[in-house]
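The values are calculated or read from the model by the stated rules, or taken from the named source; none is laboratory data. Every value quoted in this text rests on a predicted model; they were computed, and no experiment measured them. All Cβ positions, glycine included, derive from the backbone under ideal geometry; neighbour counts span all protein chains shown. Surface accessibility is based on the protein's heavy atoms, side chains included, excluding ligands, DNA and RNA. Shrake-Rupley method; radii C 1.70, N 1.55, O 1.52, S 1.80 Å.
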Protein chains: 2
Amino acid sequence: MALILTFLGKSGVARTKIAIAAAKLLASQGKRVLLAGHPEPTFQILLGSTIAPDPQEIAPNLQVVQFQASVLLERSWDEVKKLEAQYLRTPIIKEVFGQELVVLPGMDSALALNAIREYDASGKYDAIVYDSAGDASTIRTLGLPESLSWYVRRFRQLFVNSDLGKTISESPLIQPLISTFFNINWTADNFAQPTNQANNFLEKGKAALADPKRIAAFLVTTADPIEVASTRYLWGSAQQVGLTVGGVLLVSSEANANLSEEFTPLPVSIITDSSTSDWQPLIDSLPNFEAQAVQAPKPIEIDTHNRQVRLFLPGFDKKQVKLTQYGPEVTVEAGDQRRNISLPPALIGRSVTGAKFQNNYLIISF
Amino acid sequence: MALILTFLGKSGVARTKIAIAAAKLLASQGKRVLLAGHPEPTFQILLGSTIAPDPQEIAPNLQVVQFQASVLLERSWDEVKKLEAQYLRTPIIKEVFGQELVVLPGMDSALALNAIREYDASGKYDAIVYDSAGDASTIRTLGLPESLSWYVRRFRQLFVNSDLGKTISESPLIQPLISTFFNINWTADNFAQPTNQANNFLEKGKAALADPKRIAAFLVTTADPIEVASTRYLWGSAQQVGLTVGGVLLVSSEANANLSEEFTPLPVSIITDSSTSDWQPLIDSLPNFEAQAVQAPKPIEIDTHNRQVRLFLPGFDKKQVKLTQYGPEVTVEAGDQRRNISLPPALIGRSVTGAKFQNNYLIISF
């Protein structure tokens, strides 16, 4: 299990430089590091080398990889075909080649996240530094296990309870028909099998996201007020998907620059921008990422004893946060992201008795 | 039908400023303009006003709107429920409320594109200026009609020709069962109906994308070599989805800055960065977007007489462009995007007899 680090912020080049410096720092401490980026020239130019879709060692303990969506999609396609062969008697898509598949919006995210999951599970790395897009799309990507698991739990139950779902699983007429086409008996239990497999992935992803020793983001900004506002927005949005934000990296040539107030209670480190011929000043100005991540406020705290859920939502004011209870779960909306809070058994089924927004926390009582 | 303009490039703040200035310029020329952005603070701060999910007039001829994915998703959900009610006898998802839906990666793109389509179709605007993310994800978004239509044409045929598809449409036993659950007779023709509806949207989207009077992007960059390299990459990637790039906006305080060589044959306009209190210098430095878009190289030219397809692929060298023919269509890969070329009847079924890469063009002979 690796520590997965990423950076959020508006300055693309600064963010990529910091990701490279962070990877170099961790490798110099003896950690086995994978530095991963997307196929855009900045990453390659700053690193000064071509980057392939498979990891290559560029320095002791330091490997680099490029998440090329078309290549990752091609490789995943074989897995999809295997799944089809497992569940369908006469496969339909076997004639479609991975090499002709086109990347659709959202696939880059899902494929990158899946690649990170696999590199993490390989046991080959102590740290994975991900030079992401660093914007709202990165937050959606890292939040995928959380958001997708809601769809699975909400829609599976609806289908199983529906007339269609019930008839399919109970009918003596439909069962034989289904087994003509599918390699499974379509009972509610069997229908649950593939979704359980998916759920297992998602639960692991959620557990990793909830652990600041596993996944943490850091904010990168200059002192420019517009950039600070954007970065604060990303900070709050990250909390909405359960992503820990460990600290702030302020890129500035002034040693006494100060943004502590805007980002309380996060530590703010001043980062020296440096040329790509000498990375050392930049590396030396980096904080201890692991120590900061562990001390950062947790995005969600559930206190069953006091029947309270506390959500850390910095960067938003009270008016920007909405709490509703339309479906079976409590929904919190902020920063163009909704979060359905999956409650522990002790709180499930209880109504919300009160909610207040205080010191960047939304405190919900049951 | 409106002219849809967007901007690609790495400098987020400069891009948003230019989008706002472009909207002001077009409105001052008497065009009815909709300026659309995403819910990120930069757009609101630069405009100096709060922006809602529905268009509001902020100046004569100028309306502003924010594409908030959670709101757009909520609204689309009602449409999805209507479709379900149309095709399914006992709807399953009717109990799920739009207000609890969580945004997944890729949805922001699809929802924004759909919103643009609707505003365009409303006939209320002569121009829609879209302050997009300006990166690879924007290219995927605008390329969605092209890429999705490949999936529809490839997979529909496979399904219709499959054992499963054939049995369903021919079996006297399965037809009555299906009509118990669905409001349709599942013949191959009827199955085609919903996909035809989708195809119709996609074909309209492709036609709009192919017309530089309808949709055009402009590149925004500084003279920084890393930014120039990124911008050239975006230029080439845009061609891969069929998006016309009309010109380059070079943000520079030096009046004699020059990037003509890097972006031949596009015109390069030098843009004066200005404060948000006086937009006029910035507005005055903008080019004539429509005139430039019409003169730009077309992403694809099909010459049936000479049996040639010419693809404009600037920013890539020969080694970065791959041509294959795995499936029924010719696939071109460049810049982490594949394009399956849907050929006209005169060329369908013919094998590729030759290909060369010359002056930024990939020329394929049949």
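Need the failing condition index for B:K356 against (1) without any contact (Cβ under 8 Å) to a residue 12 or more places away in the chain; (2) assigned by TED's automatic domain parsing to the domain that holds B:L266, just the number.
(2)
State which residue is nearest to A:E100 (Cα to Cα) when the search covers only segment A:48-67 and only residues that are open to solvent by 50 Å² or more (accessible area, probe 1.4 Å) and within 14 Å of chain B (Cβ to nearest Cβ).
Looking at the filtered set, the residue picked out is A:T50.
Take segment A:255-283 and flag every residue that is in contact (Cβ under 8 Å) with a residue 12 or more places away in the chain and among the acidic types (D, E).
A:E262, A:D273
State which residue pairs qualify: first residue touching a residue at least 12 places away in the same chain (Cβ under 8 Å) and inside segment A:56-76, second residue in a helix (DSSP H, G or I) and charged (D, E, K, R) in any location, beta carbons under 7 Å apart, and separation of 6 or more residues or different chains.
Pairs found: A:L62/A:K24; A:A69/A:D108.
Of the conditions (1) open to solvent by 20 Å² or more (accessible area, probe 1.4 Å); (2) outside the structural domain of B:K213 (by TED's automatic domain parsing); (3) not in a helix (DSSP H, G or I), B:K319 fails just one. Which one is it?
(3)
Here is a check on your reading of the model: is B:E146 under 30 Å from B:K206 (Cα atoms) and open to solvent by less than 40 Å² (accessible area, probe 1.4 Å)?
Here the answer is yes, as B:E146 does meet what is asked.
Scan (1) surrounded by 15 or more Cβ atoms within 10 Å (Cβ to Cβ); (2) not in a helix (DSSP H, G or I) for the single condition A:K356 breaks and write down its number.
It is condition (1) that A:K356 fails.
Given A:G9, A:G30, A:G98, which one is of a type outside the set (A, V, I, L, M, F, W, C), over 30 Å from B:V152 (Cα atoms), touching a Ser or Thr at 6+ places or on another chain (Cβ under 9 Å) and in contact (Cβ under 8 Å) with a residue 12 or more places away in the chain?
That would be A:G9, the only listed residue that is of a type outside the set (A, V, I, L, M, F, W, C), over 30 Å from B:V152 (Cα atoms), touching a Ser or Thr at 6+ places or on another chain (Cβ under 9 Å) and in contact (Cβ under 8 Å) with a residue 12 or more places away in the chain.
From B:R140, B:R156, which residue is within 9 Å of another protein chain (Cβ to nearest Cβ), assigned to a helix (DSSP H, G or I) and within 23 Å of B:I341 (Cβ to Cβ)?
Answer to the selection: B:R140.
I want to confirm something. Restricting to segment A:147-168 and keeping residues that are modelled with pLDDT under 75 and aliphatic (A, V, I, L, M), which single residue is nearest to B:R89 (Cα to Cα)?
Ranking the candidates gives A:L164 first.
Please go through (1) within 13 Å of another protein chain (Cβ to nearest Cβ); (2) outside any helix (DSSP H, G or I) for A:I128 and return the number of the only condition it doesn't satisfy.
(1)
Within the group B:L311, B:L243, B:L250, which residue is out of contact with any helix residue (DSSP H, G or I) (no Cβ under 8 Å at 6 or more places or on another chain) and buried (at least 20 other Cβ atoms within 10 Å of the Cβ)?
B:L250
Determine, yes or no, whether B:M107 is touching a residue at least 12 places away in the same chain (Cβ under 8 Å), aliphatic (A, V, I, L, M), in contact with a helix residue (DSSP H, G or I) (Cβ under 9 Å, 6 or more places away or on another chain) and within 14 Å of chain A (Cβ to nearest Cβ).
The answer is yes for B:M107.
Does B:E290 satisfy the condition of being open to solvent by 50 Å² or more (accessible area, probe 1.4 Å) and at pLDDT 90 or above?
Spelling it out, B:E290 is indeed open to solvent by 50 Å² or more (accessible area, probe 1.4 Å) and at pLDDT 90 or above.
Exactly one of these conditions fails for B:L266: (1) within 14 Å of another protein chain (Cβ to nearest Cβ); (2) closer than 24 Å to B:S137 by Cα. Give me its number.
Here B:L266 meets the rest and fails (1).
Filter segment B:68-120 down to residues that are buried (at least 16 other Cβ atoms within 10 Å of the Cβ), acidic (D, E) and over 21 Å from B:K204 (Cα atoms), then give me how many there are.
The qualifying residues number 2.
Tally up the residues in segment A:159-177 that are polar (S, T, N, Q), within 30 Å of A:T331 (Cα to Cα) and within 8 Å of chain B (Cβ to nearest Cβ), please.
Adding up the residues that qualify gives 1.
For segment A:298-308: of the residues being assigned to a loop (DSSP other than H, G, I, E, B) and open to solvent by 20 Å² or more (accessible area, probe 1.4 Å), which is nearest to A:G354 (Cα to Cα)?
Here the residue is A:R307.
Step by step: first the residues of segment B:11-28, then only those that are among the β-branched types (V, I, T) and open to solvent by less than 30 Å² (accessible area, probe 1.4 Å), then the one that is nearest to the other protein chains (Cβ to nearest Cβ). Which residue is that?
Result: B:T16.
Can you give me the number of residues within segment B:87-100 that are more than 7 Å from chain A (Cβ to nearest Cβ) and within 29 Å of the chain's Cα centre (by Cα)?
1
Where in segment A:210-287 are there helices (runs of 4 or more DSSP H), lying wholly inside it, with at least 1 residues that are closer than 20 Å to A:L144 by Cβ? Write out each step before concluding.
Working: elements: A:225-240, A:260-263, A:280-284.
Once the helices (runs of 4 or more DSSP H) in segment A:210-287 are filtered for at least 1 residues that are closer than 20 Å to A:L144 by Cβ, what remains is A:225-240.
Count, please, the residues in segment B:36-91 that happen to be under 19 Å from A:D135 (Cβ atoms), out of contact with any helix residue (DSSP H, G or I) (no Cβ under 7 Å at 6 or more places or on another chain) and polar (S, T, N, Q).
4
For segment B:113-125, what are the residues that are outside any loop (DSSP other than H, G, I, E, B), touching a residue at least 12 places away in the same chain (Cβ under 8 Å) and more than 11 Å from the chain's Cα centre (by Cα)?
B:A115, B:Y119, B:D120
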